[in-house]
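A.B. asks: Below are the structure tokens for one structure; questions will follow.
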Amino acid sequence: MTTSATMPQAASFGGRLKRFMADRPLIPLVILLVILVMILQILRPGIVNERWIANTAKFAIPLAILAGCQTMTMLTGGIDLSVGTVATMSAFIMATQIVNQDPAVAFVLAMLPAVLIGLVNGVGVGVFRVHPLIMTLGTSLIGTGFLQVYQRTVIASGARIPDFLNWLGTGLTYGFPNALFLFVPVAVLIVFTLNRTGFGRLLYAVGDNERAARLSGVRYWQVITALYVISSLLAGITGLLYIGLIKAPSLSLAEPLVLPSVAAAVIGGTSIFGGRGGYMGTIIGALILTVLTTLLTILHMPEGGRRILFGFIVLFVTAAYLRIIEDR
Amino acid sequence: AGKYTIGISNTVQGNGWREEMICAMKAQALASGEVAKLNIAHRNTDAAGQLEDIRNLISAKVDAIVVNPADPAGIKSGLEEATKAGIVVVAVDQAVTEPSAYIISNNQEQYAYLGAKWLFQQMGGKGEVLYMRGAAGASADSDRDKGFKQALAEFPDVKVAQEVFTGWQQDQAKQQILSFLATGTPINGIWTSGIDNVIVDALVEQQAPMVPVVGADNAGFVGQLNTVKDLVGAAVTNPGSIGGAGVTLALQILDGKKPAQQTVLVEPQLWENATDEGKAKVKTAADPSLSPEWPVSISIPDWTTYTKDQIVACKGPGE
Amino acid sequence: MTRFLRNQGWVAGLLALLIFLFVVTRLIQPGYGSGDFGSLVRAVLPYAFAVAAQTVVVIAGGIDLSVAAMMALTSVTAASMMNGASEEYAFFVVPFVLAMGLVLGALNGLLIVVTRVPDIVVTLATLFVLQGAALLVLDAPGGAAAEWLKATVVGTMPIPGLPDWTDAWVPKALVLLVVCLFVVWLPLRRSRLGLSIYAIGSNELAAFRSGVPVARTRIFAYALSGLFAALGGLSLTISTGIGAPIPGPYLLASVAAVVLGGVALGGGKGGLLGPIIAVFVLRLVRTDLTLLAIDPNVTTIIEGAIMVAVVMFGAFITIRGRPAGATP
Amino acid sequence: MITNPLLDAMGVAKNYGAVAALRNASLSVLPGEVHALMGANGAGKSTLVKILTGAIRSDAGHVLIRGEARDVRSPAAARRAGLLPVYQEPALIPDLDVLSNLRLTGTPVEPFRAWVRELGIPNLDIRETARHIPLAVLRVLDLARALAVEPDVLLLDEMTAALPANLAEKVLEVVRRQGDSGRSVIFISHRFVEISALCDRATVLRDGVTVGVVDIEPGVEEKIVEMMLGARIEKTSVAAARMANETPAAKDSHPRLAVRNLQLGTKLHDVSFDLANGEVAGVVALEGQGQDELFAALAGSIRPAGGTIAVDGAPIKFSHPSDAIRAGIAYVPGDRTEALAMQRSVRENIALPFSAAPRKWGPIRVRRERMVVSSAIARLQIDTRAQGEVQRLSGGNQQKVTIARWIAADARTILCFDPTRGIDVGTKQEIYKLLRELAGLGKSVLFYTSELEEVQRVCDRVIVIFGGRVVDTFPVELADEPALMRAAYGLPRGAREDVGILADIRPASDTETAP
Ligand SMILES: Nc1ncnc2c1ncn2[C@@H]1O[C@H](COP(=O)(O)OP(=O)(O)OP(=O)(O)O)[C@@H](O)[C@H]1O
Ligand SMILES: Nc1ncnc2c1ncn2[C@@H]1O[C@H](COP(=O)(O)OP(=O)(O)OP(=O)(O)O)[C@@H](O)[C@H]1O
Ligand SMILES: [Mg+2]
Ligand SMILES: [Mg+2]
């Protein structure tokens, strides 16, 4: 009976390091990000400059906000695939309504479909218990259809990007992208909501064990409806920011961000099964994905090879990260 | 009202060019007065999905089918069945391999060749070019690649600094150009596969040195050619109104006026703003009232008869 | 009887819906006949294989986002191998491509098991990898298919002893579908391996504790999914005569049909028949919309709405039908 | 003659991060013996069973099976080695029917059926989906499935904890016969009655270390408890304590809870009773007599078909648990996995009800919450070493968290459904004491228990339910175990039959005319 258990104190340096990082899951993510940036700098010396950082931030921000929608919905075991359509809708409506309308009216009109889709998603998932994947996919199809019909009514009026959105999307203040004026409050709000408010706590609880939440007096549909409306609102705001950045309203504007937004949340350590995760990780996940896209853009290789590499890197990053944070 | 029912099949939805094409079809059908009803299958799908749509149109017993093929060869069997069922088949925008089909097409290879050649000349026959392609694996993209490579071969001193696929997505293209600009790699020209105005935007925003840019005749880009300071560029026409031409061709055949050839090619034009004469042309072409994604060449002389109001209204017969 | 209804009621309802749709179709287009039915089945073919591929992994408690990319890769592989080759060569190509699907699918499973990254993320990564590989095989649509292969889905199956008008309603494509799917699936479902697939989807821990080799079963489920996807890819090549490296709309369609077919996302429940009928329903709706010459933008709205409505209805009746006291 | 052990485990250790679930456990089981594995909640019993049967890997230690070193890496490998567990949680696949479950594990059907009948379930529908089968029956099926393959060593982890007395009795009988026929059984239970009736020897674990092996003989209980609890031992008669320092609560005009003619499908008929302020009312019933539904209805989880529920004299309709909670009624379910968000912290779990209503969705007042939560934790003496995630607590501590939640929320009426299921003697004492204290503070408790002896220790009054009806109500003074047993079987009070926990029961048909 000489075999004794390995005590925590006796753990090797590697073990201690792992424990240290496991308790602070953001650190390994940040390290991953730094490594990617370093690779980029080695491949293209000089690329990592002030301007590049600002550009990366500009593109990471819309992705990070949409990934925030995914983080919150994923905490409840859901997912919101309609964010792309919602963002596109508000962007498109804003750009076309601003031509003839007061900016405030245009803004309200732009956010209206976001609220509606969020409400329908919430009721479908929360009351009718439709699987979120299907529900949000369905509403996104419906939204796209409406947008196409709408588009035909405004072809003649043209489109314009409001100066304010322009400023927000592409402008810089002391070298910092103006989008940060929107993002920092949003991020702080999301982090605070998740960690320090009753609503945030309910998201985790509902995702972890819905019956337990119910027995504690939580009405599932209330939480879920509020959640999907919030998610849609965030997506709508992202759409406005994004149109300021891209400056070309199209019917598929934000669609390409949907899968990356899910990936960013997952890389950031949020469990798609619910109950586990946080927004800080998601932000870094969005940065990692944005840097990775740049990295692959500047690589001289056939498109096929690039995609293969992208797939493997996403898988590797997620796997490595999970390895580090699990078995705490 | 007219007497024919025309079926339409298209496999890309939500893209300005394709939307214009559909509107041109509707407007032309209305303007011709010969069409009773349009039966439009318009969605995002692949060649197999288009086969499904074509067969559904056959089931619906249309008189003619105007199709923008997802792939030249992939829908051969469906078109063959349509012809067998006595339906007139017209392919627009791209060619198809089915011999019984009539084709009225934009010349994609020529589109790329024309623009690239102009660009390389602007660059003085040497230097580095940023090659921003469309969607990897799309047949229009590979046709354009052929034209681009052909021009490249004529200018041995022009090198491709970077080749990227924009996927014909504005946001992707913008992120790519910004990343590229951040590397500080010097370039002397940019060729785009029609995702053009975001590129000019990026150059302006980043205060990067202006280089010649080739794009398509999208309203946004044509406007930029007129207004953006120091921008030298060329818009190569790639009219979405080819759809209207397809309807005209189909009606001609239904009326018994078969064209001499199976294939009609609409040759692209190049509008540049490097010369005074070119500037004037670009100025007249510009149309700020159109959505920036729509090509400004909203009609094709001899082929379309609708008015601008009609295509913008985007209403077919019976709507 | 009540148990039958509980287990098979959804499928029966779908079948009734399908029959209803056929009647509607005949009303819209009185000439709708066996030839048109043949067209329908040919349109169903790739979707059916895609949905079968998705169903297997969903039952096993996973999800496969790489289905469409796998179809694209196998399709371009088959098309490029058969390009310029002899007719007989196709006898080698078909098993080769199927084996390829099987192996790549198993690889998906292996990655999930080894990296312990959630299915949705692994298959998202392999989606990019397979897409990239497809682009490396063919950078633009092309290739060819053997004539005899194309003939396997054209025309009808003469059945000895049946009058011709019945034969006319048995398209070869249907026979191919039934043979490929149910010959694999039916015996499997009753076998221990098949039960294991249900078991790991239903409750992985309980399955593990019941002695089910969880990892091996999961790999097998993904391998089977790969096989079905390869069949889907082949069916694409066969029906179009080419291979296209850009994946078609099969991913979202497969997920939607799985849910419509009564297979719970989350695993453990349902079968293959429901999703296949759901595919027929969805395709027939498409046909009807085309026959009715509905505005194409509105069709998007209708398709989305049908999806949401049917699933909501399903959710509604399950909420209603839940026996009192089942969830204290 | 010295028999070699069938199963011999030595120096087994298992760490979960900083928590050492097992440090140095050993266990040696002889052929033909029923061997008890005992220990307080969190001592590591379940962990050891999981390691022996390959469900988890140990960090250290060896296992000999029939004298050979075997590395059992999976439950499947354990099966092949002749080791078959019935874990604390049911292992049937919820979405498969019973038959498929059998096929999945390669269990022969006929012997299984025979065992199921033997274990007291005469008419099992083998095509029923496991999800639709009640928990207690599932546990029995799990056991029958294990028995059907005739394992050399059967490992039963709190097999009887969730069972009503009638089924538990059958299980004990069968287990004992296993021992007789030369096979070994490792038996985990917190019930001394069972241990002494059944087992030959006992291995006692404390904090992950084997502290001793004893032969079961009369009077050994004291010793085992001492070993189990170490210094923690404390044995006061709660009942006595109750009598001493409690003044009965003043009689209000209205009872706290008045239930009248409650009706629920085929499960409840005309159930009426009162629950007074400061009272602990015990509910006694065999498995499946409607007590689950009664509690669920009072908790607002299911809507009754008829009848009224009045709180403090005001009739109230519940459509959701939150309605009941607003009326001050809290429900502690027997199955703790139903009540806890397993990946969340102890604190969040306890504070969960505070955030439930939309008007409480705003910022959390952290300091106030921490105070309330820590006082609840202290009150229940929850072991908070692994408080970051509730799933890492042992079963007993998890159960305490579910109760602590309502102490923190200051609920006036607590519905406790078998709260001591699978809890060690020390913790049980604490819970009894707690319930009495609550009553002393004027709160009302409705207490269902599957262990009849608890009734006398905790309750003021007993409500007996049989076949969905309240068949009797009597004061605790009359509630000795035989009386309760009789009542639970629906026999009228004063009948003569000797119905003890281990005695043969009469066929149910005899009792049907009774109420
Ligand atoms: N997955 C896990 N992660 C972390 N800690 C764990 C885990 N499983 C068990 N533990 C810890 O290991 C210890 C032993 O737990 P175990 O479940 O074996 O106790 P037990 O003796 O079966 O208790 P009970 O009688 O309450 O069921 C406990 O302190 C528990 O908190
Ligand atoms: N956020 C919280 N943190 C800590 N304890 C809380 C919290 N909310 C409520 N409590 C505790 O729970 C108990 C009930 O509080 P609660 O606010 O729910 O009562 P209430 O009857 O609804 O009163 P009110 O109408 O003032 O909200 C109080 O004793 C309080 O100490
Ligand atoms: Mg235990
Ligand atoms: Mg209050």
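A.B. asks: Would you pull out the residues with amide H under 5 Å of A:Leu172's amide H, same chain only if 5 or more places away, H placed 1.01 Å from N?
C.D. replies: HN-HN under 5 Å from A:Leu172: A:Asn178.
A.B. asks: While we're looking at this one, here's another question. Which FRET efficiency, nearest 0.05, do A:Leu172 and D:Val19 yield, Cβ-Cβ r, R0 56 Å? Each step should come with its number before you reach the end.
C.D. replies: On the way: r = 51 Å, r/R0 = 0.90.
Efficiency, rounded to the nearest 0.05: 0.65.
A.B. asks: Further question: Beyond 27 Å between alpha-carbons counts as too far, so tell me which of B:Lys37/B:Lys84; B:Lys37/B:Lys308; B:Lys76/C:Lys172; B:Lys3/C:Lys172; A:Lys247/B:Lys146; A:Lys58/B:Lys117 fall in that bin. Walk me through the numbers before you get to the answer.
C.D. replies: Working: B:Lys37/B:Lys84 22 Å; B:Lys37/B:Lys308 21 Å; B:Lys76/C:Lys172 19 Å; B:Lys3/C:Lys172 37 Å; A:Lys247/B:Lys146 31 Å; A:Lys58/B:Lys117 35 Å.
Listed pairs above 27 Å: B:Lys3/C:Lys172; A:Lys247/B:Lys146; A:Lys58/B:Lys117.
A.B. asks: So how far, in whole Å, is the C-alpha centre of segment C:216-276 from the one of segment D:248-325?
C.D. replies: Here the two parts' Cα centres lie 51 Å apart.
A.B. asks: Cross-link candidates for D:Lys433: which aspartates and glutamates have Cα within less than 14 Å, leaving aside residues fewer than 8 places away along the same chain?
C.D. replies: D:Glu234, D:Glu246, D:Glu279, D:Glu454, D:Asp460
A.B. asks: Further, regarding this structure: What is the sum of charges around D:Ser322, taking Lys and Arg as +1, Asp and Glu as -1, for the other residues whose C-beta is under 10 Å from the C-beta of D:Ser322?
C.D. replies: Details: positive: A:Arg214, A:Arg219, D:Arg326; negative: D:Asp323.
Within the 10 Å Cβ shell, the charges total +2.
A.B. asks: What translational diffusion coefficient, in µm²/s and rounded to a whole number, does the Stokes-Einstein relation yield for the protein assembly as shown at 37 °C and a viscosity of 0.692 mPa s, taking the hydrodynamic radius as the Kirkwood radius over Cα pairs?
C.D. replies: My calculation gives 93 µm²/s for D.
A.B. asks: What list do you get for D:Arg379, D:Arg183 if you sort them by fewest beta carbons within 10 Å? Before the final figure, lay out the partial values.
C.D. replies: On the way: D:Arg379 16, D:Arg183 20.
Listing D:Arg379, D:Arg183 from fewest to most nearby Cβ atoms yields D:Arg379, D:Arg183.
A.B. asks: Kindly state, to the nearest 0.05, the FRET efficiency for D:Glu110 paired with D:Ala77, given R0 = 30 Å and r defined as their beta-carbon distance.
C.D. replies: Working: r = 26 Å, r/R0 = 0.87.
Calculated value: 0.70.
A.B. asks: Just tell me which aspartates and glutamates come within less than 20 Å, Cα to Cα, of B:Lys229; anything on the same chain fewer than 8 places away is out.
C.D. replies: A:Asp163, B:Asp196, B:Asp201, B:Glu205, B:Asp217, B:Glu272, B:Asp276, B:Glu277, B:Asp287
A.B. asks: So in chain D, what percent of DSSP beta bridges are antiparallel if you round to the nearest 5?
C.D. replies: 55 percent
A.B. asks: Related question: Let me check I've understood the local charge: for C:Phe20, count other residues with C-beta under 14 angstrom from its C-beta, Lys and Arg +1, Asp and Glu -1. What total comes out? Could the numbers behind the result be given before it?
C.D. replies: On the way: positive: C:Arg26; negative: C:Asp288.
Neighbourhood net charge equals 0.
A.B. asks: Moving to a separate point now. Amide H neighbours of B:Ala91 under 5 Å, counting only residues 5+ apart in sequence or on other chains, H built in-plane at 1.01 Å?
C.D. replies: The list, which skips near neighbours in sequence, is B:Val67, B:Tyr102, B:Ile103, B:Ile104.
A.B. asks: Dipole size in debye (nearest 20) for chain C around its Cα centre, Lys and Arg Cβ +1, Asp and Glu Cβ -1?
C.D. replies: Once rounded to the nearest 20, the dipole reads 1300 debye.
A.B. asks: Show that you can apply the helix-only estimate: for chain A, add -39,500 (n - 2.57) for every DSSP H stretch of four or more residues, divide by all residues, and state [θ] at 222 nm to the nearest 500. List each step's numbers first, then the result.
C.D. replies: Numbers: 14 runs with 240 residues, N = 328.
About -24500 deg cm²/dmol.
A.B. asks: Using a 7 Å offset from Cα along Cα-Cβ at B:Ala260, what residues in segment B:92-106 end up with backbone N under 19 Å from the label point?
C.D. replies: B:102-105
A.B. asks: Also: Can you classify chain C as rounded, prolate or oblate using the Cα gyration tensor, where a ≥ b ≥ c are the square roots of its eigenvalues, rounded means a/c under 1.5, and otherwise it's prolate if a/b beats b/c and oblate if not?
C.D. replies: On the way: a/c = 1.59, a/b = 1.06, b/c = 1.50.
Judged from the Cα gyration tensor, chain C comes out oblate (a/c at least 1.5, b/c at or above a/b).
A.B. asks: For chain B, what is the calculated [θ] at 222 nm in deg cm²/dmol (nearest 500), taking -39500 (n - 2.57) for each run of four or more DSSP H residues and dividing by its residue count?
C.D. replies: On the way: 11 runs with 131 residues, N = 319.
The per-residue figure over chain B is -12500 deg cm²/dmol.
A.B. asks: Is the C-alpha gyration tensor of segment B:111-231 telling us rounded, prolate or oblate? Criteria: a/c under 1.5 is rounded; beyond that, a/b larger than b/c is prolate, otherwise oblate.
C.D. replies: Details: a/c = 1.35, a/b = 1.15, b/c = 1.17.
In terms of gyration-tensor shape, rounded.
A.B. asks: Test of understanding: ordering A:Cys69, C:Cys180, B:Cys23 by Cβ neighbours within 10 Å, fewest first, what list do you get? Walk me through the numbers on the way to the answer.
C.D. replies: Values: A:Cys69 31, C:Cys180 21, B:Cys23 26.
Going from least to most buried by this count: C:Cys180, B:Cys23, A:Cys69.
A.B. asks: Based on the mean of other Cβ atoms within 10 Å per residue, sort peptides D:264-271, D:204-211 so the most packed one is first. Before the final figure, lay out each step's value.
C.D. replies: On the way: D:264-271: 19.1, D:204-211: 21.4.
Descending mean neighbour count gives D:204-211, D:264-271.
A.B. asks: Can you tell me the 0 to 90 degree angle between the C-alpha axis of helix A:279-298 and the longest principal axis of chain A, rounded to 10?
C.D. replies: Around 80 degrees separate the two axes.
A.B. asks: Apply 1/(1 + (r/R0)^6) to the Cβ-Cβ distance of D:Arg176 and D:Gln391, taking R0 = 45 Å, and write down the FRET efficiency to the nearest 0.05.
C.D. replies: On the way: r = 34 Å, r/R0 = 0.76.
FRET efficiency, D:Arg176 to D:Gln391: 0.85.
A.B. asks: If I fit a long axis through the Cα atoms of helix D:395-408 and take the longest principal axis of the Cα atoms of chain D, what angle between them do I get, 0 to 90°, rounded to 10?
C.D. replies: Between helix and principal axis, roughly 10 degrees.
A.B. asks: Right, another one. Roughly how far apart, in whole Å, are the Cα centres of segment D:106-150 and segment B:1-33?
C.D. replies: Between the Cα centres of segment D:106-150 and segment B:1-33 lies a distance of 67 Å.
A.B. asks: May I pose another question? Pull up all non-local amide H partners of B:Val266: gap of 5 or more, or a different chain, and H-to-H distance under 5 Å with H placed in the peptide plane.
C.D. replies: B:Ser105, B:Asn106, B:Asn107
A.B. asks: What is the distance in Å between the Cα centres of segment D:373-429 and segment B:136-208?
C.D. replies: Here the two parts' Cα centres lie 65 Å apart.
A.B. asks: Okay, moving on. Within a 10 angstrom radius of the beta carbon, how do D:Leu435, A:Leu75 rank from fewest other beta carbons to most?
C.D. replies: Fewest-to-most Cβ neighbours within 10 Å comes out as D:Leu435, A:Leu75.
A.B. asks: Ordered by residue, what ³J(HN,Hα) values in Hz, to whole numbers, does segment D:62-71 give under the Karplus form 6.51 cos²θ - 1.76 cosθ + 1.60, where θ = phi - 60° and Gly and Pro are x?
C.D. replies: Listing the rounded values in order: 10, 10, 10, 10, 6, x, 9, 6, 10, 9 Hz.
A.B. asks: For chain C, set up a Gaussian network in which alpha carbons nearer than 10 Å are linked by springs, and say which option among C:Phe313, C:Phe96, C:Phe22 fluctuates the most.
C.D. replies: Highest fluctuation of the listed residues: C:Phe313.
A.B. asks: Checking the a/c ratio against 1.5 first, then a/b against b/c, what shape does the Cα gyration tensor give for segment A:50-327?
C.D. replies: Working: a/c = 1.63, a/b = 1.12, b/c = 1.46.
Taking the square roots of the gyration eigenvalues as a ≥ b ≥ c, segment A:50-327 is oblate.
A.B. asks: Something else about it: How much mean residue ellipticity at 222 nm does chain D get from its helices, if each DSSP H run of length 4 or more adds -39500 (n - 2.57) and you divide by all residues, to the nearest 500 deg cm²/dmol?
C.D. replies: Dividing the helical sum by the residues of chain D leaves -9500 deg cm²/dmol.
A.B. asks: Using Cα pairs under 8 angstrom and six or more residues apart, how large is the relative contact order of segment A:50-327, in percent? Present the calculation step by step, with values, prior to reporting the outcome.
C.D. replies: Values: 461 pairs, mean separation 96.7, N = 278.
Reported relative contact order: 35 percent.
Values in this text are rule-based calculations from the coordinates and carry no lab data. In this text the structure is predicted, and so the values were computed from the model without any measurement. As a convention, Cβ positions derive from the backbone with ideal geometry for all residues, glycine included, and neighbour counts pool all protein chains shown.
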